[in-house]
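See below for the structure under consideration.
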Number of protein chains: 2
Amino acid sequence: MANVANRVSWSGREQAEEDGESTPLLNGASNRQVRMEEFSSSILFRIGQLSTVDLGDENQELQETDLSSTVVKEILHNENLLSLKYESLDYDNSENQLFMEEERRINHAAFRTVEVTRWVICGMIGILTGLIACFIDIMVEQLAGVKYQVIKSNIDKFTEKGGLSFSLLLWATLNAVIVMVGSLVVAFIEPVAAGSGIPQIKCFLNGVKIPHVVRLKTLVVKVCGVILSVVGGLAVGKEGPMIHSGAVVAAGISQGRSTSLKKDFKIFEYFRRDTEKRDFVSAGAAAGVSAAFGAPVGGVLFSLEEGASFWNQLLTWRIFFASMISTFTLNFVLSIYNHKPGDLSNPGLINFGRFDTDENSYKYFELPIFIGMGAIGGMLGALFNALNNWLTMFRIRYLHRRCLQVIEAVLVAAVTATVSFVMIYYSSDCQPLRENSGEYTLQLFCADGEYNAMASAFFTTPESSVRRLFHDPAGSFNPQTLGLFTLLYFFLSCWTYGLTVSAGVFIPSLLLGAAWGRLFGIMLTTISNDSISWADPGKYALMGAAAQLGGIVRMTLSLTVIMVEATGNVTYGFPIMLVLITAKIVGDLFIEGLYDLHIKLQSVPFLHWEAPVTSHSLTAREVMSTPVTCLRRREKVGIIVDILSKTTSNHNGFPVVENSGNTGQPSRLCGLILRSQLIVLLKHKVFVERENLSLIQGRLKLKDFRDAYPRFPPIQSIHVSQDERDCLMDLTEFMNPTPYTVPQEASLPRVFKLFRALGLRHLVVVDNQNRVMGLVTRKDLARYRIGKNGLEELCLAQT
Amino acid sequence: MANVANRVSWSGREQAEEDGESTPLLNGASNRQVRMEEFSSSILFRIGQLSTVDLGDENQELQETDLSSTVVKEILHNENLLSLKYESLDYDNSENQLFMEEERRINHAAFRTVEVTRWVICGMIGILTGLIACFIDIMVEQLAGVKYQVIKSNIDKFTEKGGLSFSLLLWATLNAVIVMVGSLVVAFIEPVAAGSGIPQIKCFLNGVKIPHVVRLKTLVVKVCGVILSVVGGLAVGKEGPMIHSGAVVAAGISQGRSTSLKKDFKIFEYFRRDTEKRDFVSAGAAAGVSAAFGAPVGGVLFSLEEGASFWNQLLTWRIFFASMISTFTLNFVLSIYNHKPGDLSNPGLINFGRFDTDENSYKYFELPIFIGMGAIGGMLGALFNALNNWLTMFRIRYLHRRCLQVIEAVLVAAVTATVSFVMIYYSSDCQPLRENSGEYTLQLFCADGEYNAMASAFFTTPESSVRRLFHDPAGSFNPQTLGLFTLLYFFLSCWTYGLTVSAGVFIPSLLLGAAWGRLFGIMLTTISNDSISWADPGKYALMGAAAQLGGIVRMTLSLTVIMVEATGNVTYGFPIMLVLITAKIVGDLFIEGLYDLHIKLQSVPFLHWEAPVTSHSLTAREVMSTPVTCLRRREKVGIIVDILSKTTSNHNGFPVVENSGNTGQPSRLCGLILRSQLIVLLKHKVFVERENLSLIQGRLKLKDFRDAYPRFPPIQSIHVSQDERDCLMDLTEFMNPTPYTVPQEASLPRVFKLFRALGLRHLVVVDNQNRVMGLVTRKDLARYRIGKNGLEELCLAQT
């Protein structure tokens, strides 16, 4: 773990091919003085202004924190930390001359071809995502089938002759081994594949580059990991990871090549930039949701609610198309697999079963009850999140060694199996066998023709447990079973989320909610005198599931549609909405949603929808980083190389200013150039000799930049001779000549709005003569948030 | 009609309280030379640069068109026209000192109160919109009931004793009179209430101020108009107008006062600006859809798909809340009205009836059939739109006198009744009476116990016709009846849309589609040999309805959800999506959607989602209006009054520049001030005497601006004495000190993106020293679009 004051070296991070967008200051407002001195001997003129207005006390305080490196250990992995290791993505096209020339060359017909290509790619994303979902589903079903068969026969054997502890041992060992493999794969091959991947995709769509998140290797590890963790009997679902898988598929297909496999199909080259990739990733995420829940509209809404910022109608239609194709593919393949070709009515990985209800499915007086359930869901969700938050902090602090992570996963698997076994063993809830009592019913100590109801909740995949809680007739579960199950499963699933395994939280949440919802329904029937027909426990299980899931993840619109599409019933749409909105409002009183918590714990500079409401008192002047390293329009190669090699102090974008001589005076902005562009320029040695100003090498094309995208080589790998260092480089053609700018007086909300709406990475702050005064990046904005005492400022650190 | 070269005077337009944001140039690129001369004797220094680069030929050509005022009559009401009479709305907050001081004063708790208030307002919007929907529904049902009863008894009487022409006369006269009243109300009291109002709301959300569109008077006229036109038997629906009604309700409630009624409740003053109003209007439109179709999620999506640009999660949740409340209110009131309190399962004005289907509701091989139906719907929709487009052009050109409009409406009503009657009379499609054969069955010449099937399509409200086509068992309609009905209804509904009555096109489209869809289903059954069970005509009616509506209005995502929510069945979601996307793609090959066509015909400067794809060759320099009238930071009152009084040449926003003396040199930008703000300043006489620079009047508050919003007085109403003219006005406090700017080299797509994403009204174009070079407004951007020969430029005219 890096020390804040003594940062990790640039070279080390460059080798990992991830160069951080480190702001030159540890705290934007702090120790500018110190920095100024440090840079005073810089090879290049720097532009800066010491803005100490209104920052008196705070400034001093922060400076102290910063200079005393002994207390640094304390703030590591604090909630109030913003990591400097995350780069931003370029969601604003660099409209340099090369780009503009290409765009101008393309006529209307060619643009139509591009548009058609986009649709084709979305179709392919849908198909592939659907196929992956099928693969996961079939593998889980087959492997879990084998596992349950083995254990069931073992239990059946030992039930008769005694010695069930062998069965327990077998069960626990089997689960532990399977989970261990899954955890090993994730921990040692691709740690970013852990969890559901939804927070990571949220960050990606928000504009933060999470290393390795959309790579092929991640996809492979994710798919294997999720199969193993579901089969291993953990309290997890396979739906969340589908969203991540869809996103990876999208990022891969849209580029027409695989950098990992070193295979370039020479297609879709037009889409090799962050802006286009983001659009496809939204489609992929939507296709993932769509495949997971059989909810194409829900998928689109998920993608928009969690990811998008600028709503574009055409893009939405393409996303919709991808979702549709994805559901259809899954449906088609699974219907053949299930020997029911032509049956299109059960889409999605999770199938809640159809809620076929009579017309008067709910009454007015049930609405307040549902709202109450929403409130309970919100509170339970908040408790879940708070516990998980605490647990995750603990994990980050103490369990950062990979083998420890694997051991924890194995432990959880063993405990899950043990708890399940003990619960089943001591349960006396025997139910008569019915036609639809499930595949793996355990008789245990029940009479012949009966089965153990507790086992039907534990001894199966969580998906089928949910289905049973929704649809089994009244009386299938007794209240004690449900209560105990809720209690234990709550802690188990809370412990499980955040383990180093690939797994989602959707299904455990639904299961948990369905259990207490059903319990709630049963209690209602008991309390009211008459044997009422309205309190169908299945209906209350559905509402409970919605409330619990809503309380944990805090989605409303998309979740409503997902639930409606997954249950195949619109009638419950309205109560589900009520429940979800209540759960969201109640939950938000206590703590954030689970995904947002995890994003915060990762110290990701995530930009929310709006700037903090009370941030009008801040202006760009106070927020920006300064001084900024600027380049001249014609710059010496040596200076560029030195700047790029510098480990601290530099952003990933450099304002380009007019050649005004090294007077140290701020100069007029004329463009903006990215680190990655400079690297490509250096690599191709696009130099001009000082004497005759003639081009040494041939002209660079846009293709050269696209070929290098997205893994630009580190500066160290580029050799520049001493002669070349004296050459000049003309940046005019390659810089973005029209970067967005704001004046120094612009308020933070105004800067934020511009930044967020346009997906910017660098925003140049200029004075009233268009001279560069500073640079605003994502971290400068993400730093501010509403805390208990009004506006808070997070610390920046190289964690 | 105004002559283009010789514009309508400013004062005339000011009296109508609608001051246009007239760009100083007739054609941005044209006759700058002429203008320059015209303004050379201007009282104020002007900033400008003659940018004739790259415009050689085009420039000359346009100049010729422009100078020959004889050809002007020809281009009036042309499709390629952009009207100058529409103002823009201010969707970008003017962050002047007053505003910032207020925002800084408000602490976190106060912001929470504001947020809660927003939710409360959304709830109120939902309730009121729901109640209005109830009122319309009940009134239509009662009045139509009386009408049909009268006619039915008359027909029954004359069927026996002959002389049915009396019945025809009665029917036609009744309809004509009812429609005449409806049309009179609309034409003479509030013409903007004509049609469905959806194009107008789209424009409002896009940022165009359509005069009177969200006023109370409009709402009253709309409600009366829609009741009368539906009762009058026109081929119209009452659903579209609900969207407009919801929007007016939202705009009214959120302001906490009614300017028309001169009643100020002194609440919600914080929301008295365009930005906030827009957000509430989105919620109102969503609530309207929600009430119309019982589709809360569909309403949110409609609002987003048709209106929004920047997707904000919090806003979406509020919109969702308003939609939910609206459906619930409607449902609640109607269930009491229908004597079934507690029955919540039939929400919405239109109720498609529940599609309760068995599991295998459709087969794989039906999907291509559905796609085919989508294509047919797309083509029929395109035909409908093309005919209606032609008709609307004709109407704008020749039927602009109000009495002519009323006469046309009456004519259509009489023709509709006659056609219906003749169809029923000559129809020999007798069907046995069933339990659910509808309320007003006509026996006519059918045997006892039978009824005339044609009558059941014509002699009822369109809503119940749709329901019957969806749900009546196979064999209820014979193919000839359906074919003839489709043909006649196509032309009737096409003729009807665009009449000067309040009415929507949703239901006629659905009815049309349901008719040919059912016909299609019957034909399928006939073609295939076996009496197959899969080709349920009701299912095909549903698909046909979706295809036809999709082909006409070209919505996909929101329409899918609306259809799913209105049918209460998710199973058909996937085929409906397929149908809608196909209809959209096929239709777009021929002509735009109906709403977009009407927006275009109104010459509204509407900004689409993206700049035309081939517009990269244009830069801000070519697009901007120049010269721009600028004000100095301290300006003479006389000069300001003169500028505001000038009828031509001025925008509604003026860049404020540093006081650099009247050198004629371009000066540095330091702010932007709106015409409306200047008006308020003049009204309150916030002057500084030239000598002692002391304030004459007390300090102006933000409240003064809010009180004047949105109907700012015309400049003529403000008296400024000769002494006062010599005073100075200090704009520093009131101007927006940080307007967004772009450099001259920025490409059109880049400018467009900034403008659209942030909802700007004025975008200042500056050179590299931050000196004002020009101003980009909505019209400068909306002017460019893709035509048959690539990029086209529309003419600007004062129509």
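The values are calculated or read from the model by the stated rules, or taken from the named source; none is laboratory data. From a predicted model like this one, the values you see are computed outputs, not experimental measurements. Here Cβ is always computed from backbone atoms with ideal geometry, including for glycine, and neighbour counts include all displayed protein chains.
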*Count of region B:770-799 residues which are more than 14 Å from chain A (Cβ to nearest Cβ), of a type outside the set (A, V, I, L, M, F, W, C) and closer than 18 Å to B:T629 by Cβ*: 5
*asked:* Yes or no: region B:565-572 includes at least one residue that is without any contact (Cβ under 8 Å) to a residue 60 or more places away in the chain and either within 11 Å of chain A (Cβ to nearest Cβ) or not in a helix (DSSP H, G or I) (or both).
replied: yes
_Tell me yes or no: at least one residue of region B:370-389 is part of a helix (DSSP H, G or I) and either touching a His at 6+ places or on another chain (Cβ under 8 Å) or at pLDDT below 90 (or both)._
no
_Take residues that are more than 14 Å from chain B (Cβ to nearest Cβ) and under 24 Å from the mean Cα position of the chain (by Cα) and tell me which of the helices (runs of 4 or more DSSP H) falling wholly in region A:83-197 contain 3 or more._
A:108-161, A:164-184
*region A:627-660, subset under 25 Å from B:Q744 (Cα atoms) and among the small types (G, A, S), residue modelled with the lowest pLDDT*: A:S660
_Answer residue from region A:756-769, given it is within 13 Å of another protein chain (Cβ to nearest Cβ) and modelled with pLDDT of 90 or more and is nearest to the chain's Cα centre (by Cα) among those_ = A:L763
_region B:611-629 - residue that is closer than 26 Å to A:F99 by Cβ, of a type in the set (S, T, Y) and over 27 Å from the mean Cα position of the chain (by Cα) and, of those, farthest from the other protein chains (Cβ to nearest Cβ)_ = B:T619
*Can you confirm whether region A:153-166 contains a residue that is loosely packed, with under 14 Cβ neighbours inside 10 Å and on the phi > 0 side of the Ramachandran plot?*
yes
*Where in region A:433-519 are the helices (runs of 4 or more DSSP H), entirely inside, with at least 2 residues that are crowded, with 19+ Cβ neighbours inside 10 Å and among the β-branched types (V, I, T)?*
A:479-496
*Looking at (1) crowded, with 22+ Cβ neighbours inside 10 Å; (2) in a helix (DSSP H, G or I), which is the one condition that is false for A:V214?*
(2)
*asked:* Go through (1) part of a helix (DSSP H, G or I); (2) modelled with pLDDT of 50 or more; (3) surrounded by 15 or more Cβ atoms within 10 Å (Cβ to Cβ) for B:T65 and report which single condition fails.
replied: (2)
*Filter region A:307-316 for residues that are modelled with pLDDT of 75 or more and either outside any helix (DSSP H, G or I) or crowded, with 21+ Cβ neighbours inside 10 Å (or both); which is farthest from the other protein chains (Cβ to nearest Cβ)?*
A:L315
*strands (runs of 3 or more DSSP E) within region A:702-791 that include 1 or more residues within 20 Å of B:R750 (Cα to Cα)*: A:741-743, A:762-766, A:772-777
*Consider B:G550 against the criteria (1) assigned to a helix (DSSP H, G or I); (2) touching a Phe, Trp or Tyr at 6+ places or on another chain (Cβ under 8 Å); (3) within 14 Å of chain A (Cβ to nearest Cβ): it satisfies all of them except one. Which criterion is unmet?*
(2)
*Please verify whether region A:780-793 includes one or more residues that are within 29 Å of A:K701 (Cβ to Cβ) and surrounded by 23 or more Cβ atoms within 10 Å (Cβ to Cβ).*
no
*Does region A:732-751 contain any residue that is surrounded by 22 or more Cβ atoms within 10 Å (Cβ to Cβ) and away from every other protein chain (no Cβ under 14 Å)?*
yes
*asked:* Taking the criterion of being outside any helix (DSSP H, G or I) and within 11 Å of chain B (Cβ to nearest Cβ), would at least one residue in region A:576-592 satisfy it?
replied: no
*Residue in region A:279-306 that is surrounded by the fewest Cβ atoms within 10 Å (Cβ to Cβ), counting only those that are within 14 Å of another protein chain (Cβ to nearest Cβ) and closer than 29 Å to A:L702 by Cα*: A:D279
*Residue that is at the interface with another protein chain (Cβ under 9 Å from one of its Cβ atoms), farther than 25 Å from B:A295 by Cα and modelled with pLDDT of 80 or more, where the choices are A:N338, A:N331*: A:N331
